[in-house]
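Remarks on the structure that follows.
The values are calculated or read from the model by the stated rules, or taken from the named source; none is laboratory data. Model, not experiment: these values are computed from the prediction. Positions of Cβ are generated from backbone atoms using ideal geometry, with glycine treated the same way; all protein chains shown enter the neighbour counts.
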């Protein structure tokens, strides 16, 4: 494992830690701000920060950056729409998913990435990687025990998030192999996510939801954490890391996200994590550590 590969893994671990602690935060915020409004503000903040950071004289986007950013932006928007609606407790049409179940279902993308790559022939997945991916999924299931109750509507909606995030990882991997600038493809992505979210909000949520009343302390804190740290910093770091890591290895590292969510709930929310939870976390960590030492997991 060379230095850049190690740093890429470290960056992904940091990102998953940040994303892991946002599940409870986002669910609280969605009790005040509807899903599409929240997403448009979150990604709008990230876009503004990206524009400020980018040297305006170099703001020229090539076809790969535009097309890749658009495709990634569409599936990313779908992913967060499915996830947010799955967590939305204000809906009268279905019961919302719990944060732990949402984290587990979202992490199904861990196994969907190699499945999609195998089906499409984009990448040959070694037997060792299949074993690691399956171990990670077992660890996630043991950690979260997601279906100790009945399957609810929010759980089914959240599965769309797992599919979207898996496709997003693959699309990013495809376009990062081309001549693209990380910050520019990031800007195109978050711009389209923000615009699509505004349009969807007008269609599905109505113009009346655009009110200053949604800006409660929970929403403001959640927007700062998700907009600045989880999206602006997090997505740029993920793009950089994916230039070094394979799509499958990225997916395996993303299995740490619900582990960090569970640990955050233990240390800050006072939740109890039993023996099975700690065992599941250990299995996930071992699978992630093992993936870093298998050559076929790395980007060629």
The residue that is nearest to residue 129 (Cα to Cα), considering only those in the range 264-280 that are modelled with pLDDT under 75 and touching a helix residue (DSSP H, G or I) at 6+ places or on another chain (Cβ under 6 Å), is 277
Residue 199: passes all of (1) under 14 Å from residue 77 (Cβ atoms); (2) surrounded by fewer than 16 Cβ atoms within 10 Å (Cβ to Cβ); (3) under 17 Å from the mean Cα position of the chain (by Cα) but (3)
Of the residues in the range 190-212, those that are in a helix (DSSP H, G or I), under 15 Å from residue 31 (Cα atoms) and free of Cβ contacts under 8 Å to residues at least 24 places away in the same chain number 1
*Does residue 141 satisfy being over 18 Å from residue 243 (Cα atoms), part of a helix (DSSP H, G or I) and in contact with a helix residue (DSSP H, G or I) (Cβ under 6 Å, 6 or more places away or on another chain)?*
no
Those residues of the range 109-135 that are crowded, with 22+ Cβ neighbours inside 10 Å and either part of a loop (DSSP other than H, G, I, E, B) or modelled with pLDDT under 80 (or both) come to a total of 1
With respect to residue 219, is the statement that it is over 30 Å from residue 246 (Cα atoms) and surrounded by 17 or more Cβ atoms within 10 Å (Cβ to Cβ) true? yes
